[in-house]
Amino acid sequence: MVENQQRPRQAHTEEAANAGARERASMSKTGRQPRRQRADYAKGLPDYHDPTAGFGGAPPAQSALTLRAWLAGFGVVVCIVGAVLAAYLGVTWFAWMMGVTAVVAAIDLAWVLRRKARGEPG
């Protein structure tokens with residue numbers, strides 16, 4: 001008799017554990033909000049990067065990720081060419097400065113492309 005009473009309890013705890021695992025999997029890494037789906041980005045996030053969206057009847061702003069990606073790519077190319085030319089001409093401090101700026105632009109480009117790959121509009 002005791003065995004029969006404990007089995008349903010054990011099954012119930014397994015179901016609860018599985019439900020908790022499913023709930024944790026649907027949460028973001030911070031655990032505060034549910035993870036966003038691709039459809040959330042396609043329709044645009046509410047007031048994303050625009051604290052005054054909707055103020056005075058203005059529509060919410062959209063991020064210009066494509067423009068930012070092109071500008072970051074242009075910055076990477078220009079900075080690399082500038083660094084190579086400066087090194088060739090013997091202006092090492094300028095070559096280092098351009099090299100560091102090229103790395104920053106490359107990181108920005110990677111971040112923007114990651115956001116576009118997630119499906120954010122722009």
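Quick note: the coordinates plus some simple rules give every number you see, no bench work behind them. Remember, it's a predicted structure, so these values are computed and weren't measured experimentally. Heads up, the Cβs are rebuilt from the backbone with ideal geometry, glycines too, and the neighbour counts pull from every protein chain shown.
Tabulated results
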{"quantity": "Distance (nanometres) between label positions extended 7 Å along Cα→Cβ at A106 and A39", "calculated": "4.0 nm"}
{"quantity": "Summed side-chain charge close to L113 - residues other than L113 whose Cβ falls under 13 Å, Lys, Arg +1, Asp, Glu -1", "calculated": "+3"}
{"quantity": "Alpha carbon convex hull of the stretch 62-122, volume per residue in cubic angstrom", "calculated": "53 Å³"}
